[in-house]
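Step one of this worksheet: look at the structure below.
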Amino acid sequence: MIAMEQQTPISPQAWLERDTRQFNLWWQATFLMLSLFAITLLLWSIDTRQLGNASVWAKPLKFESSLALYFITLALLAGYLPANIRMQATWRSATYIAVAAGVFEVIYIFLQAARGRASHYNQETTVESAMYGLMGLGALLLVAVSFYLGWLLYRDYQKQKQDTFKLASAYGLMLGSVLTLITAGIMSSGQTHFAGTPAADSWQVPVTGWLLSGGDLRIPHFFATHLMQFLPLYGLLLQRTTRNSADAQKNIVIFSIIYSSAVLIGLVAAFVY
């Protein structure tokens, strides 16, 4: 079995030390998202207001859960960076930027839901138009930070080329960021997350709310973003089950190509069908 590259464990007592302080920030941001999710879930259960045929609290719930997963992912994968890289000003600054952008987005979406107003595709007032633009900037910063972490992991992987999990994590973060930028960019260029017009009797996917007609762009966007989790998990599986590191690395490349192609095909199909 492939031996995992030795990593310096981070003890609970080290969370506030200078070289590990950003990990504490990742987990604080995660706790904030989960706390807001619990509050929003309570509001969803007692507030019957609708916005666009869905609860006004549906969008905050989605973003709170998605950003909680994003922060957990970066917190865990950043632990595979060498301490000297974690100490660099660029990475520590990236941590603060990502957390600030994520918190800003969720707070605005939450406040708009409380007002019964849309947060996305809303340019009805000058303030809402400006905030929508700032949300786009925040999303771009989040994607940039995840891509940067992937690049740092890939650069560190190149030193020995043995850690299958690190390679998968690097590819997952970088490819997931690029695909997210493509899908989100296309969605934000219009006035709706549909490429066409959904049928009145279109079947709706439970929980996610996706519609299986009208070219729902949220579907390829979801799979694009969550490549950041799927590929590291696949790499962890290969690390534990594949003895030959060259075969494991080849499988990661094949998985990356097939998955990315499927996302792009799904994106094109949304405009064709």
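Restricting to segment 5-64, and then to whatever is modelled with pLDDT under 90, in a helix (DSSP H, G or I) and of a type in the set (A, V, I, L, M), can you tell me which residue is farthest from the chain's Cα centre (by Cα)?
Ala14
Restricting to segment 105-133, and then to whatever is among the acidic types (Asp, Glu) and touching a helix residue (DSSP H, G or I) at 6+ places or on another chain (Cβ under 9 Å), can you tell me which residue is nearest to Gly52 (Cα to Cα)?
Glu128
Give me the pairs, please: first residue somewhere in segment 27-55 and within 22 Å of Pro206 (Cβ to Cβ), second residue anywhere and part of a strand (DSSP E or B), beta-carbon distance under 6 Å, and either six or more positions apart or on two chains.
Trp44/Ser55
Residue-by-condition table, conditions (1) in a helix (DSSP H, G or I); (2) of a type in the set (Asp, Glu); (3) modelled with pLDDT of 80 or more; (4) touching a helix residue (DSSP H, G or I) at 6+ places or on another chain (Cβ under 9 Å):
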| residue | (1), (2), (3), (4) |
| --- | --- |
| Phe165 | yes, no, yes, yes |
| Ala168 | yes, no, yes, yes |
| Gly172 | yes, no, yes, yes |
| Gly176 | yes, no, yes, yes |
| Thr180 | yes, no, yes, yes |
| Ala184 | yes, no, yes, yes |
| Gly196 | no, no, no, yes |
| Ala200 | no, no, no, no |
| Thr208 | no, no, no, yes |
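Give Leu67, Leu42, Leu32 a once-over and let me know the one that is within 28 Å of Tyr157 (Cβ to Cβ) and hydrophobic (A, V, I, L, M, F, W, C).
Result of the check over Leu67, Leu42, Leu32: Leu67.
Do we have Tyr132 as in contact (Cβ under 8 Å) with a residue 12 or more places away in the chain, touching a Ser or Thr at 6+ places or on another chain (Cβ under 8 Å) and more than 23 Å from Leu181 (Cβ to Cβ) here?
It is false that Tyr132 is in contact (Cβ under 8 Å) with a residue 12 or more places away in the chain, touching a Ser or Thr at 6+ places or on another chain (Cβ under 8 Å) and more than 23 Å from Leu181 (Cβ to Cβ).
Would you please list the contacts, defined by Cβ atoms under 6 Å and residues six or more apart or on different chains, that run from a residue in segment 145-162 that is in contact (Cβ under 8 Å) with a residue 24 or more places away in the chain to a residue that is part of a loop (DSSP other than H, G, I, E, B)?
Leu152/Leu81
Could you grab me the full set of residues in segment 68-87 that are in contact (Cβ under 8 Å) with a residue 40 or more places away in the chain and part of a helix (DSSP H, G or I)? Before you say what the answer is, go through the steps one by one.
Step one: list which residues in segment 68-87 are in contact (Cβ under 8 Å) with a residue 40 or more places away in the chain, which gives 69-75, 77-83, 85-87.
Matches in segment 68-87: Leu69, Tyr70, Phe71, Ile72, Thr73, Leu74, Ala75, Leu77, Ala78, Ala83, Ile85, Arg86.
Please specify each residue of segment 230-248 satisfying the condition of being part of a helix (DSSP H, G or I) and surrounded by fewer than 19 Cβ atoms within 10 Å (Cβ to Cβ).
Of everything in segment 230-248, those that are part of a helix (DSSP H, G or I) and surrounded by fewer than 19 Cβ atoms within 10 Å (Cβ to Cβ) turn out to be Phe230, Leu233, Leu236, Leu237, Arg240, Thr241, Ser245, Ala246, Asp247.
What's the number of the condition Tyr70 fails, among (1) of a type outside the set (Asp, Glu); (2) at negative phi; (3) modelled with pLDDT under 95?
(3)
Among the numbered criteria (1) over 18 Å from the mean Cα position of the chain (by Cα); (2) surrounded by fewer than 19 Cβ atoms within 10 Å (Cβ to Cβ); (3) closer than 18 Å to Met33 by Cβ, which single criterion is violated by Ala139?
(1)
Filter segment 98-119 down to the residues that are surrounded by fewer than 16 Cβ atoms within 10 Å (Cβ to Cβ) and not charged (D, E, K, R) and list them by number.
Selection gives Ala100, Ile107, Leu111, Ala114, Gly116.
Does Tyr148 satisfy the criteria of being more than 20 Å from Leu227 (Cα to Cα), assigned by TED's automatic domain parsing to the domain that holds Lys62 and modelled with pLDDT of 95 or more?
no
Does segment 260-271 contain any residue that is over 21 Å from the mean Cα position of the chain (by Cα) and either basic (Lys, Arg) or over 26 Å from Lys62 (Cβ atoms) (or both)?
No.
The values are calculated or read from the model by the stated rules, or taken from the named source; none is laboratory data. Since this is a predicted model, take the numbers as computed values, not measurements. Glycine also receives a Cβ, built like all others from the backbone with ideal geometry; neighbour counts cover every protein chain displayed.
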